[in-house]
Amino acid sequence: IIMAQVDYYACLGVPRTASDKEIKKAYRKLALQWHSDKNGPSEETTQRFREINEAYEVLSDAEKRRAYDQFGEEGLRGPSGGGAATGFTPAGAGTGSTFFRTTTGDHFSKGFDPFETLFRVFGTRGSAGVPEDDDDMDLSGSSLFGRSFGFDTRRQKARTVVVRLPIPLEELFSGTTKKLKITKHILDASTQQRVPVEKIIVINVRPGWKAGTKVTFEGEGDGEPGMDAADICFVVEEKPHPIFLRSGDDIVMKTRIPLVDALCGAQFSLPTLDGRTIHLDCRDTILAPGHVKIISGEGWPRKDGNRGNLRVEFDVAFPA
């Protein structure tokens, strides 16, 4: 067998100093570019796609990458390739697994699954948690990896169920726990019929959540024959408040005052979303209609632990 040497860094288009994140990002981009569902099946597409997966399999593994950096492909082979003689035993050496490419058409050695690499990175085999941020790559709803090289590579998943979740503004401000009873339909193994099952879902609302925040429970939706159970995605909505309105990281409060207070000034006691009372001294201020007072640090909770501002907007009640 003639061994064809390959530069894994060049294969992914990254420098040898690339970080794990840069390697992963490059792999995702190339896997999308060279996948057969996008380009159509061809020998070039198949070969390039497998080379990309092979390169990522090595460079994403700290031990394999260290061996490759020190000894090249020789460091990735089993004991017969000399890897053990250097004092490094590559993963899989005890089982005879290797990680090199050959010119015989057997592009990947026994024990290497390029599709497992692909699914591990893109999260399409049903990961237990919520997928990580993808550097603005939106793969949701994509069928790109539903088929590969002419055969199905994953079990299809039922369509995600989207549920609106209205929450009062004060609960989003302070945080709360929501317990929701849902009825899902699962498949009876013996009859393959859908049967209803009730379940309690707990949502821990963190202080500072905003409208549009999404909470996904994987596999908690209805099941369909031959498919994985659907996910349930709750989308937060803000219930209108009679006094307060959120505007970005600020809270806006509109208050109506009599004309005498507007002209002569006054002290005001103002409520807050968390039930406190704060005092605002405007005795030396003429408050024209639309006048705004800003109270720093009394606004919406932010991720950095600080808070925005409270903006008090005055409206003047003129005598009839």
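The values are calculated or read from the model by the stated rules, or taken from the named source; none is laboratory data. It should be emphasised that the depicted structure is a prediction, and the values quoted were computed from it without experimental measurement. Ideal geometry is used to build each Cβ from the backbone, glycine not excepted, and the neighbour counts take in all protein chains shown. Side chains included, ligands, DNA and RNA excluded: accessible areas come from the protein's heavy atoms. Shrake-Rupley method; radii C 1.70, N 1.55, O 1.52, S 1.80 Å.
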**Asked** Within the stretch 305-319, which residues are in a strand (DSSP E or B) and either more than 13 Å from Pro289 (Cβ to Cβ) or open to solvent by less than 50 Å² (accessible area, probe 1.4 Å) (or both)?
**Response** Arg307, Leu310, Arg311, Val312, Glu313, Phe314, Val316, Ala317
**Message:** I need a count of the residues in the stretch 175-194 that are within 20 Å of Ala158 (Cβ to Cβ), at pLDDT 90 or above and open to solvent by 50 Å² or more (accessible area, probe 1.4 Å).
**Reply:** 1
**Fill in**
Filtering the stretch 204-222 for residues that are free of Cβ contacts under 8 Å to residues at least 24 places away in the same chain and either among the acidic types (Asp, Glu) or under 27 Å from Asp249 (Cα atoms) (or both) leaves a count of 2
**Request:** Considering every residue within the stretch 255-265, establish whether at least one is touching a residue at least 40 places away in the same chain (Cβ under 8 Å) and buried (at least 16 other Cβ atoms within 10 Å of the Cβ).
**Result:** yes
**Fill in**
Given the conditions (1) part of a strand (DSSP E or B); (2) over 21 Å from Phe314 (Cβ atoms), every one holds for Leu245 apart from (2)
